[in-house]
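Single-structure report; data block below.
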Amino acid sequence: MNVRERNHMLSLGELDHPGLFPHLEGLRRQPRTFRIDFGLPDLPREPGILIIRGPRQSGKSTWIESALRDSVTRHGPGSAYSLIGDELMDSENLVQAIRDLATAFDPNRKPHRLFIDEVTAVRDWERALKRLADEGVLRDILVVTTGSKATDLRRGSERLPGRKGRLDRTVWLFTPVSYAEFARVAGPDLGESCLYAYLLAGGSPVACAEVASTGLLPEYVAEMTRDWVLGEFAAAGRSRSSLLAVLNCLDRFGGTPVGQAKVAREAGLANNTVAAGYLELLADLMIVGWSPAWDASRRVPLARRPAKVPFVNLLAASCWNPARPRTVREVRDAPPERQGRWLEWLVAQELWRRAAIRGDPTPEVLPHWRGGDHEIDFVAGQDLFIEVTRGRASPIEYAWFQKTFPDGRLIVVGQDRFRTERIRGVTFEDFLSNPDWS
């Protein structure tokens, strides 16, 4: 069904027409479905521009179809329409398409909403929206946009000052399915393998459904994820072989701080600046985070020191991992060192997910602390520290912490539960299921 036919059906309120919501129809055929929660409970009624960023395979298109259907159901035919960026040739096409739809809204059925999926497929999309906002075309319309080209969405948002309405918040990050939701749906069948299955699927709804049903990450899911990343780097003029070398470095170095010079040297890149460009684009795509050293005395991250680069997209980590894990058993039986890296990235992804839902401006920044013979994986707040361990742990091992950070609290995420005045041990399942830990 093309966009004209789709919007014709929406104007008539014929929401049961086959092909109108293809992603929702596909979702109904899946044996397991997962609730998506990225912190946006309800769409605002006020006009403005919402920008929703998220990686591929995170469920954005399914969510936008659901939001479109619910909007027409609640407010009536002619209250909401949709466009798909992949079907528009350029920004002029986008301008004309929005102009046409702006005249098709029913004046008696409000709020008026226009949903644009994958808007970043349209070059200079932000200039098109700015132009329409300045002309008053969007005066009474809430425009809801999604996209996977994180750099375009972030910088496009910055090019729309004063044009996004009076909304309390206009930029949202589409986050993975939480472990708690995955365990709710798939836990009864997966049992003790639930955590390893989540490590493999990484919170992608498609991957979660496949892994929960078969214990296998299908190659088509891995291929779609790889193609998305390769396409973004090709569009940015980056080398495929250099990307593979950088990703291989990040996997090998794991939880070890690494400077840009080392990445450049190990990956065979020309210089530090080139290495920084690859790492920045991976962060823009919400694949990796940035974990700088944290200065405890000044309570600030140190940008000039080598930083850890944890994956915050576990599906991408699985798809690009040289070991190519595709089954739950392969994750569960992985060598301890490799499994330890994945578990640290699991906590990094969860910290990123929670920060994104809160609306933190830089959720990808996840500082770590090192001092003498001691290290803590994540500084989650001014006085909150999180250590990740694959093996057994006890409060005796962390007796130094209270002397070093008299006002600090430490959460040790691992196999054991224990509690002292300022140190608490929790399991991975505990930590992932309870946001109050951080």
Fill in the blank from the handout: In the list [x] 68, 48, 43; [y] 63, 53, 41; [z] 79, 52, 39, the entry giving Cα extents along the principal axes in Å computed from the coordinates is [x]
Problem - Cross-link partners of residue 262 among aspartates and glutamates (Cα-Cα below 17 Å; sequence separation of 8 or more within a chain) - result: 251, 280
Fill in the blank from the handout: Mean shadow area (nm²) of the C-alpha convex hull around the stretch 261-334 is 6.5 nm²
Exercise for the section: Over the chain, calculate the relative contact order: mean separation of alpha carbon pairs under 8 Å at least 6 apart, over the residue count, as a percent. Expected result: 14 percent
Handout entry: Debye, to nearest 20: dipole size of the stretch 217-293, +1 on Lys, Arg Cβ, -1 on Asp, Glu Cβ
Key = 320 debye
Exercise for the section: Report, in whole Å, the centroid distance computed from the Cα atoms of the stretch 229-301 and the stretch 3-19. Expected result: 45 Å
Practice task
Quick one: which residues, 5+ away or cross-chain, put their amide H under 5 Å from the amide H of residue 254? H built at 1.01 Å from N.
Solution key: none
Practice task
Post the alpha-carbon centroid distance, the stretch 383-438 to the stretch 39-72, in whole angstrom.
Solution key: 36 Å
Problem - Residue-by-residue Karplus 3J(HN,Hα) for the stretch 348-361, coefficients 6.51, -1.76, 1.60, Hz, glycine and proline x - result: 4, 4, 5, 5, 4, 4, 5, 5, 5, 5, 5, x, 4, x
Handout entry: GNM top mover of 270, 201, 307 - the chain, alpha-carbon springs below 10 Å
Key = 270
Exercise for the section: Name the residue, out of 415, 349, 30, whose mean-square fluctuation peaks in a Gaussian network model built on the chain with Cα pairs under 10 Å. Expected result: 30
Practice task
Give me the Kirkwood hydrodynamic radius of the stretch 47-116, using the inverse of the mean 1/r over all pairs of distinct Cα atoms, in Å to one decimal.
Solution key: 13.2 Å
Handout entry: Excluding exposed DSSP-loop GluC sites (Glu not before Pro) (at most 15 other C-beta within 10 Å), longest clean stretch of the chain
Key = 15-420
Practice task
Let me have the 222 nm mean residue ellipticity of the chain computed from DSSP H runs of 4+ only, each contributing -39500 (n - 2.57), with the sum over all residues rounded to the nearest 500.
Solution key: -13500 deg cm²/dmol
Fill in the blank from the handout: Per the charge dipole of the stretch 3-173 (beta-carbon charges, Lys/Arg positive, Asp/Glu negative, Cα centre), the residue among 85, 101, 36 reaching farthest to the positive end is 36
Exercise for the section: For residue 110, list the aspartates and glutamates whose Cα falls under 17 Å from its own Cα; do not include residues on the same chain fewer than 8 positions away. Expected result: 42, 46, 70, 140
Practice task
Treating each Cα of the stretch 179-345 as an identical point scatterer and ignoring solvent, apply the Debye formula and state log10 I(q)/I(0) at q = 0.17 Å⁻¹.
Solution key: -1.03
Problem - DSSP-defined beta bridges in the chain - what % are antiparallel, rounded to 5 - result: 35 percent
Handout entry: For residue 52, residues with placed amide H under 5 Å, excluding near neighbours
Key = 145, 146, 147, 172
Completion exercise
For residue 288, other-chain or 5+-apart residues with amide H closer than 5 Å (H placed, Pro excluded) are 283, 312
Handout entry: Point-charge dipole on Cβ atoms (K/R +1, D/E -1) for the stretch 1-139, about Cα centre, debye to 20
Key = 380 debye
Exercise for the section: Starting from the Cα coordinates of the stretch 1-87, work out the convex hull volume and express it per residue in Å³. Expected result: 120 Å³
Problem - Within straight-line cross-link reach of residue 403, aspartates and glutamates at Cα separation under 19 Å, skipping those fewer than 8 residues along the same chain - result: 295, 373, 375, 377, 383, 387, 421
Practice task
Determine ³J(HN,Hα), in whole Hz, for all residues of the stretch 273-288 in sequence, where each value follows from phi through the Karplus function 6.51 cos²θ - 1.76 cosθ + 1.60 and θ = phi - 60°; x replaces Gly and Pro.
Solution key: 5, 5, 4, 4, x, 5, 5, 5, 5, 4, 5, 4, 7, 6, 9, 10
Exercise for the section: Could you give the size of the charge dipole of the chain about its Cα centre, using +1 on the Cβ of each K and R and -1 on the Cβ of each D and E, expressed in debye and rounded to the nearest 20? Expected result: 700 debye
Problem - Cleavage-rule hits (trypsin sites (Lys or Arg not before Pro)) in the stretch 329-438: DSSP loop, at most 15 neighbouring Cβ within 10 angstrom - result: 392, 417
Exercise for the section: Against the globular-protein guess of 2.2 N^0.38 Å, express the Cα radius of gyration of the stretch 306-379 as a ratio, rounded to two decimals. Expected result: 1.23
Completion exercise
The equivalent-ellipsoid semi-axes of the stretch 3-173, taken as the square roots of five times the Cα gyration tensor eigenvalues and listed largest first in whole Å, are 23, 19, 16
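Only the coordinates and a few stated rules stand behind these numbers; no lab work does. Computed from a predicted model, the values in this text were never measured in an experiment. As a convention, Cβ positions derive from the backbone with ideal geometry for all residues, glycine included, and neighbour counts pool all protein chains shown.
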